[in-house]
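Below is one structure, written out as C-alpha cells, with a few remarks after it.
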Amino acid sequence: MKTHRDSLVGRLAVAARPSQPWLHLRASPWWRRVLLAAGAQQAPSPQSLRSMDLRGTDLSDLDLRGADLSQSNLRGVDLHEMDLRKSILRGTDLSGADLHHTILLGAHLVGADLSQANLNFALLGIADLRRARLTGAQLSVTDLRGADLRGAHLGSADLTGARLSGANLSGADLHHTTMMAAKLNDAALGNVDLRGADLSGTDLCDADLSGANLNDADLNSADLSGANLRSADLSEANLIHVTWSERTLWPVGLASQMRARSVPIGGGKWRVEGAGNSDASLEVPPVPVH
C-alpha cells in the first residue's frame with residue numbers, strides 16, 4: 001500500500017523505519033496492522049537473532065532468556081542488568097559491551113569475544129566460556145562459580161574479588177591478570193598461564209595448579225592449603241606470607257625449602273616468612289623438617 005509521506009500513516013511508517021534496525025513501539029493490534037500495511041517491519045523475536053548486526057540496538061524490552069544470539073554483532077551494546085540466563089551466545093561479538101550486573105547463569109558463550117567488556121558483578125555461574133576471549137575484561141566481584149573456562153583467554157583481565165570456586169580454567173591464558181582476593185578454591189587450574197598474575201590474598205585452597213606457569217606471579221598472602229602445585233613453575237614467584245598445609249603438594253625439591261622458610265600457625269597449616277620467593281635465601285630460623 002502506497003502512502004503519502006506527509007499523511008498520518010506515512011509519518012508513522014517513517015517513524016517505524018528508523019536508521020536503527022528497529023524502533024520499539026507499543027501499539028494496539030489495529031495500529032500494528034496499519035503500521036505493517038504502511039511498510040513498517042516487525043521487530044524480530046528473541047529466538048531469531050542469530051548472525052545479526054545489533055550494534056546500537058535497544059534490546060532492553062526484549063525477553064532474551066534462552067535466546068539464540070549466536071554469531072551476532074553486539075559490540076559495545078548496553079546489556080547491563082538484563083536477564084540473559086541460558087542464552088546462546090556462541091561466537092558472538094560482545095567486545096566492549098556493558099554487561100555489569102547482567103544475569104548470564106548457564107549461558108553458552110563458547111568462543112565468544114568479551115574482550116574489554118564490563119562484566120563487573122555479573123552472574124556467570126555454570127556458564128560455558130570455553131575458548132572465550134576475555135582479554136582486558138572487567139570481572140570484579142563477578143560470580144563464575146562452576147563456570148567452564150577451559151582454554152579461555154583472560155590476559156590482563158581484572159578479576160579482583162571474583163568468585164571462581166569449582167570453576168574449570170584448565171589450559172586458560174591468565175597472564176598478567178589481577179585476581180586479588182579472588183575465590184579459586186577447588187578450581188581446576190592445570191597448565192594455566194599465570195605469568196606475572198596478581199594472586200595476592202587469593203583463596204586457592206584445594207585448587208589444582210599442576211603444571212601451571214606461575215613465573216613472576218604475586219602470591220603474597222594467598223592461601224594454598226591443600227593445593228596441588230606438582231610440576232608448577234614457581235620461579236621468581238612472590239610467596240611471602242603464603243599459607244599452606246600438610247596436604248599442599250609442592251613441586252619436586254621445593255617442599256623442604258618452603259617448610260624451612262615457614263612457621264607453624266596451627267591446624268596443620270604453615271605460613272611462609274622471610275623473602276618468600278622460591279629461590280630466596282633463608283631469612284628466618286629454620287623449622288625442623290619431619
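The values are calculated or read from the model by the stated rules, or taken from the named source; none is laboratory data. This one's a predicted model, so the numbers in the text were calculated from it and none came from an experiment. Positions of Cβ are generated from backbone atoms using ideal geometry, with glycine treated the same way; all protein chains shown enter the neighbour counts. Note: accessible area is taken over every heavy atom of the protein model, side chains too, but ligands, DNA and RNA are not part of it. Shrake-Rupley method; radii C 1.70, N 1.55, O 1.52, S 1.80 Å.
Would you check if Leu254 is buried (at least 21 other Cβ atoms within 10 Å of the Cβ) and hydrophobic (A, V, I, L, M, F, W, C)?
In short, no.
Give the residue that is farthest from Gly190 (Cα to Cα), with candidates limited to residues of the range 222-245 that are surrounded by fewer than 20 Cβ atoms within 10 Å (Cβ to Cβ) and out of contact with any strand residue (DSSP E or B) (no Cβ under 8 Å at 6 or more places or on another chain).
Glu236
When you look at Ser278, is it under 24 Å from Leu169 (Cβ atoms), modelled with pLDDT under 95 and part of a loop (DSSP other than H, G, I, E, B), yes or no?
So Ser278 fits the description; yes.
Those residues that are open to solvent by less than 80 Å² (accessible area, probe 1.4 Å) and not in a loop (DSSP other than H, G, I, E, B), I need them from the range 54-81; list them, please.
Asp68, Asn73
If I go through the range 126-165 residue by residue, how many of them are more than 24 Å from Asp206 (Cβ to Cβ), open to solvent by less than 20 Å² (accessible area, probe 1.4 Å) and of a type in the set (Val, Ile, Thr)?
Final tally of qualifying residues: 0.
So in the range 34-63, with the set limited to residues that are in contact with a Leu (Cβ under 6 Å, 6 or more places away or on another chain) and closer than 16 Å to Asp93 by Cβ, which one is modelled with the lowest pLDDT?
Per the criteria, the residue is Leu49.
Open to solvent by 30 Å² or more (accessible area, probe 1.4 Å), more than 22 Å from Lys269 (Cα to Cα) and among the charged types (D, E, K, R), is that true of Arg195?
yes
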